[in-house]
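Derivation of every value follows stated rules applied to the coordinates shown; laboratory data play no part. Quick caveat, the model's predicted, so the values are computed rather than measured. With ideal geometry, Cβ positions are generated from the backbone for all residues, glycine too; neighbour counts draw on all protein chains shown.
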C-alpha cells in the first residue's frame, strides 16, 4: 500500500475538484470504512486515532480528510513545493498518481535528468538533477549524496541540495557541510588520486521530497576520445520524468545506440542544432518500476538505455588499447627464467601452459592500483607485475600473455563486460568493459583463460566470462566467448547406500567436480577453517535427516590446482526408511531438488544463469535380505532447448539402482519459453521427492 503525505493528498484531491465537507475516515483493504476519526496521527508504521486506538499501516487502503485539513495541507504544499525547481514542481501531482498506481513502492522519482556537454578539446561536463518523494524508510537514503572525482583530472560541485518536509518546511544542505575524502575501498583496490565528495541533506523523513543537482567537470582527460555517455531510464521505483541530453560539436563523430525502448519513436533522439553544436535528447515519462523476479538479468539488460561514443571507428579503439597493451607485453630475462623453472619436467606444451596458468593464479595477488590511462585500461608492464607479485585483471592478463611468449604460445589480453553486469555495447565503437582475461591460441584452436580466479583448474575459467563479447585490440576484432558445454561444469556423485531391516541407512558418497562447480566448491571450503570443516559437513548431513551421524569426510588437496577436486562423505541416517509390517518406503538421500527460479506462474523477464551445468547422480541401494521393490517411480525423460533430464530406477540382484542426469544447456531462458521451462523443472522437483516402496517377501 502507498501512504501519501498530506500535502500530496491535498494536491490530488484539489486537482480532482474535490468539494464539500469530508469526514476524516479510513477505508480498509477488506472494504470496511471507519468514519469519525478526526485528529489521527501517523508515525510511519501505524495510525493512532483519538483515544489511543492504533491501526496498522498495511491494513489501510484509503484515507480521506475534512476540507479544512485539505486547506491547511494545501497551504503547506504550496509553500513547500514553491521551493522546488520548476521542473520538480511540475511533477508533484503526477508523482502522487504514480504512487497510487504502484502500491508498496518505497518512493517516487520525480526528476531524473542528466546533461552531457562535450567540447572540441575533449573536456566535458555532466550535470545531474534529481528529485524524489520518500514513501518508506529505506528511501531516506536519497538524502545521502556521494560524488566521485579524480584529483588533477576532474572536479565536482554541488549546485543545490534541499528537502521539503511533509509540513512544507524546507531544509537546505550548506556547501560547507560537504566533505572530501578518499573512498572506502576494499584492500584490493587503490587509486591515490580518487576522491569522493559527500554530504547528507538534512530534514529528510517519510513524506519528504528530496531535490539536488551537481556538476562533474572532466577538465583534463587523458585521451579526448574517452567520452562514453550512457543512461538508464528505469528504476526499482516509479519515475515520473527521465531525460538525458548530450551536446557535442558538429565536427565530432557521435555514435549512439539504444535498447529496450517499447516505443521505437522514443528511441530516436530529438536533435537540435546551434551554430557549432548538435544536441541529442531522449525523454521518457511515467515509467513504471521494475518488478523484481528471481534469477532475472541485471538491470542494465532489462531497462531502456542509451549508450554513445566519440570514437570514429573500431580501428581507433583497437589502436588506442592495442598500443598500450603491446608496450607492456615485453619478455624479460627474469620472466623467461621463471617460466623455465615453472615448466621444468613438463611433458607437453599444454602441460607447460597449465603450470603457468596456475602459477599466475596462485602467485599474483589481486590488488588494483590505478592512476593513469595505461594502468587503467592495460595494466602495468609485465615485469612490474612479476616483481610486485600483485596486480588486477589487466596486470595479470599482461603478465600471463608475456609468460606464454616464453613457450611460443600466442596469447592476447581481451576486454569484456562480465555477464553479471549486463550485455556489452558492440553496436558502436566504444570501451565499456569491466574485466580483462586472456585469449590463447594453441594447435589451431582459440580458447580463454582467466588468471584472476584462484580456484579454477586448467582449462576452466570464470563463469561470468562465459557467453560475452571480448575485444581483442591487438588482433583487432570483437568475438563472443563461447558458452561451454554442460560437461565443463559438472558435479558427479556416486552413492553406495545400504538399507537395514530397521530402516537405518548407511551412505557412502564419492563426488568429483570440474569447471565452475569445482571452483565454487573449492573456494567455499578454502574459506572455512580446517578444524571447522567436519562439523559443517555434520550439520549438512543432519539436515538431510534429523539424527544423521557423519562417519567420515575427506577433501582432496584444495590448494593443488593440478588435480581434480574430489570429496567423500560417509554417514548414517537412523530410521530414515519407514517400516509398516512387510512394507518399507523411503526417499533417496540427496536426490531432492528445488528450483526457486520457477516459483512464479508467469514472468516478464528472462531467467539468466552465469553458465551451463551438468549433474550426474548414481545410486546403488542395497536392500535388506528378502526385500524387493514394490513400486519405483517411472522413468522421467525431458528434453527441450534449455534442459535435458533423464532419470531411471531399476532393480537388479538385491539392489535398486538409480541414474539421473540433469543438463542445463543455455545460459538464458527467454520469457516466452518460460512456461515450458517452468513445467519441466517442476516435474523434476516433483520426481525428486517421490519415495520408493519395498516389500519383505521373506
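Structure above, values below:
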{"read-out": "FRET efficiency, residue 542 to residue 362 (Cβ-Cβ, R0 56 Å, nearest 0.05)", "value": "0.95"}
{"read-out": "Nearest-0.05 FRET efficiency for residue 639 and residue 580, computed from C-beta distance (R0 35 Å)", "value": "0.40"}
{"read-out": "Spin-label model distance (nm) - residue 349 vs residue 628, 7 Å beyond Cα toward Cβ", "value": "6.1"}
{"read-out": "Net length gained if the chain between residue 427 and residue 500 were fully extended (0.36 nm per residue, minus Cα distance)", "value": "19.9 nm"}
{"read-out": "For the chain, share of DSSP beta bridges that run antiparallel, in % to the nearest 5", "value": "90"}
{"read-out": "Shape of the chain, Cα gyration tensor, a/c cut at 1.5", "value": "oblate"}
{"read-out": "Cα centroid separation, segment 649-698 to segment 293-364 (Å)", "value": "41"}
{"read-out": "Percentage relative contact order, the chain, counting C-alpha pairs under 8 Å, at least six apart", "value": "9"}
{"read-out": "Extension gain (nm, one decimal) between residue 508 and residue 278, 0.36 nm per residue minus Cα-Cα", "value": "75.6 nm"}
{"read-out": "For 456, 540, 295, 645, order by how many other beta-carbon atoms lie within 10 Å, fewest first", "value": "540, 295, 645, 456"}
{"read-out": "Relative contact order for segment 487-696, counting Cα pairs under 8 Å that sit 6 or more residues apart, in percent", "value": "24"}
{"read-out": "Normalised contact order of segment 574-698, rounded percent, pairs of Cα under 8 Å and 6 or more residues apart", "value": "39"}
{"read-out": "Residue-averaged 222 nm ellipticity for the chain, from DSSP H runs of 4+ at -39500 (n - 2.57), nearest 500", "value": "-6500 deg cm²/dmol"}
{"read-out": "Extension gain, residue 100 back to residue 193 (0.36 nm per residue minus Cα-Cα distance, nm)", "value": "28.9 nm"}
{"read-out": "Efficiency of FRET between residue 599 and residue 668 - r from beta-carbon atoms, R0 22 angstrom, step 0.05", "value": "0.75"}
{"read-out": "Two-site label geometry, residue 530 and residue 384: point separation in nm, points 7 Å out along Cα→Cβ", "value": "3.7"}
{"read-out": "Cα→Cβ-extended label distance, 7 Å offset, between residue 331 and residue 682, nm", "value": "6.0"}
{"read-out": "Highest to lowest packing among 504-517, 593-606, scored as the average C-beta count within 10 Å", "value": "504-517, 593-606"}
